[in-house]
Amino acid sequence: MSIFKDAGHLFRFAGLFVLAFVVFLVVRHFVVPKSFGEYGHYRGSAIGEIAALPVRFAGHPACESCHTDVLDTKKNGKHAQVNCEACHGALAKHADDPTSVTPPKLDTAGLCVRCHAASGAKPKAFPQVAAQEHSQGLACETCHQPHNPGMEAGGAK
Amino acid sequence: MNISRRQILILLPAAAVAWKSVLAGTPEASPNYRMSEHWWGLLIDISKCIGCGNCVRACQTENDVPDGHFRTWVERYHVSDENMTEPQVISPDGGREGFPPVAAGDEGKYFFVPKMCNHCADSPCTQVCPVGATFISPDGVVLVDQKYCLGCAYCVQACPYGCRYIHPQKEVADKCTLCYHRITRGLTTACCEACPTGARQLADLKNPKDPIHEFLRTHAVQVLKPQMATGAKVFYNDLDGSVR
């Protein structure tokens, strides 16, 4: 007498479980992205997608490759460590196509005070001016060369 | 099958080499950038920050950050002489257009604290994500997979630094990527590029030639909320004890 007598309903039920598990594996194969789990519990290809986003700021090395004259003016001045795009703004488009995309001329009267307006909250060593008293509304570049602004260094116009 | 002692001695090292290449995984698509060679962080020098807001504007330009939300912002602290443990903190429009003037003769001390994602090595935000949409990349940057994110905002609540928000149009979590699209191309982040005083410096902690190592050795550098053990990788130099 077989021990499997009267056990047919169990085998049918087990078969259902196996079938459901196979369906689960098939669905999972199509639903879970291929790169999921490549590096951890996330979609590995997301890293590449984020890395492929477009750049807006060209970066200082891109400026250096053409504007050597400005670099020469800057290198001994107080603005030597200031990146071009800190003042001139994001210019990756200009770096990609220098002839057809040209950056606008900057308004020094408004731009310089962003950093140099006097404020008791700024570090004491940072050069600051009360703009209205200092220049009576004149554009800063009337007296200062923006790429080498110090008066004592011969940077003045 | 009979394997001689000689064959075993040849096969074992070969198997070890093969297993090592399995563990190393597949190399990245970009031939010039290897995630395994970097561990990114950032240095913020409070003593150099002038609160100009250049970083905030640069970040918004570079990353299309929606109005009213910030991936980085600048706070101005006022620690008064009477109450040194409860500073007054302002950040009008994230410090985007600078700060109002300080009243003449005002007592106490003022300073600026730029804030951003700390790219924690043990980030609370990635641990709460129910779908694996946010993660720490192998080079130490906390990123969001916006195709996978449900917008449940668990991570927004979990971040102890308040660095995440739900993008109003995309309706998914959004945050600082440490300009991942820039640093993988050999550029610095937009905020570091635009900072006129060098108060922000991108740091590669795995690169022995990076000046960050010398700086960390020779300065009293802190991270924000160290008691939370987040493994924050944004290092603050000259940070006042009242900063939260």
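The values are calculated or read from the model by the stated rules, or taken from the named source; none is laboratory data. For clarity, every value in this text was computed on a predicted model and none was experimentally measured. We place every Cβ from the backbone using ideal geometry, glycine too, and count neighbours over all the protein chains shown.
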Every residue from region A:80-112 that is out of contact with any Gly (no Cβ under 9 Å at 6 or more places or on another chain), in a loop (DSSP other than H, G, I, E, B) and within 14 Å of another protein chain (Cβ to nearest Cβ): A:Ala80, A:Gly89, A:Ala90, A:Leu91
Members of region B:190-229 found to be of a type in the set (Asp, Glu) and within 17 Å of the chain's Cα centre (by Cα), listed by number: B:Glu193, B:Asp204, B:Asp210
Restricting attention to region B:147-165, does a residue exist that is in contact with a Gly (Cβ under 9 Å, 6 or more places away or on another chain) and surrounded by 20 or more Cβ atoms within 10 Å (Cβ to Cβ)? no
Residue ID - farthest from the other protein chains (Cβ to nearest Cβ), chosen from residues in region B:124-146 that are surrounded by fewer than 16 Cβ atoms within 10 Å (Cβ to Cβ) and closer than 17 Å to A:Phe36 by Cβ: B:Pro130
Is it the case that some residue within region B:121-137 is within 21 Å of A:Ala121 (Cα to Cα) and out of contact with any helix residue (DSSP H, G or I) (no Cβ under 6 Å at 6 or more places or on another chain)? no
How many residues are in a helix (DSSP H, G or I), surrounded by 15 or more Cβ atoms within 10 Å (Cβ to Cβ) and of a type outside the set (A, V, I, L, M) if we restrict to region A:113-133? 3
Residues (among the β-branched types (Val, Ile, Thr), part of a loop (DSSP other than H, G, I, E, B) and modelled with pLDDT of 95 or more) located in region B:40-97: B:Ile50, B:Val65
Between residues in region B:39-64 that are surrounded by fewer than 21 Cβ atoms within 10 Å (Cβ to Cβ) and residues that are in a helix (DSSP H, G or I) and among the basic types (Lys, Arg), which pairs lie under 7 Å by C-beta distance while being six or more apart or on different chains? none
Identify all residues within region B:102-123 that are more than 18 Å from the chain's Cα centre (by Cα), part of a loop (DSSP other than H, G, I, E, B) and crowded, with 19+ Cβ neighbours inside 10 Å; write none if there are none. none
Is at least one residue of region B:159-176 closer than 20 Å to A:Ala86 by Cα and touching a residue at least 60 places away in the same chain (Cβ under 8 Å)? yes
Selected residue (criterion: farthest from B:Gly94 (Cα to Cα)) from residues of region B:116-175 that are at pLDDT 95 or above and aromatic (Phe, Trp, Tyr): B:Phe135
If you take the residues in region A:59-107 that are within 22 Å of B:Glu62 (Cβ to Cβ) and of a type in the set (D, E, K, R), which one is surrounded by the fewest Cβ atoms within 10 Å (Cβ to Cβ)? A:Asp97
So, of the residues in region A:36-60 that are part of a helix (DSSP H, G or I) and at the interface with another protein chain (Cβ under 8 Å from one of its Cβ atoms), which turns out to be farthest from B:Lys147 (Cα to Cα)? A:His60
Are any of the residues in region B:148-158 within 11 Å of chain A (Cβ to nearest Cβ) and either free of Cβ contacts under 8 Å to residues at least 60 places away in the same chain or touching an Asp or Glu at 6+ places or on another chain (Cβ under 6 Å) (or both)? yes
Evaluate the following for A:His94: is it within 25 Å of the chain's Cα centre (by Cα), touching a residue at least 40 places away in the same chain (Cβ under 8 Å) and over 30 Å from B:Leu239 (Cα atoms)? no
Selection over region B:124-166 where residues are over 17 Å from B:Thr177 (Cβ atoms), within 16 Å of the chain's Cα centre (by Cα) and not in a loop (DSSP other than H, G, I, E, B) yields a count of 2
Could you tell me whether any residue of region A:114-125 is away from every other protein chain (no Cβ under 12 Å) and at pLDDT 90 or above? no
Given (1) within 13 Å of chain B (Cβ to nearest Cβ); (2) assigned to a loop (DSSP other than H, G, I, E, B); (3) closer than 30 Å to B:Thr61 by Cβ, number of the condition A:Pro33 does not satisfy: (3)
Just to be sure, is B:Asp93 more than 9 Å from every other protein chain (Cβ to nearest Cβ), at positive phi and not basic (Lys, Arg)? yes
Condition first: among the charged types (D, E, K, R) and not in a loop (DSSP other than H, G, I, E, B). Now tell me which residues in region B:201-244 satisfy that. B:Asp204, B:Glu214, B:Arg217
Can you find even one residue in region B:118-126 that is without any contact (Cβ under 8 Å) to a residue 60 or more places away in the chain and not acidic (Asp, Glu)? yes
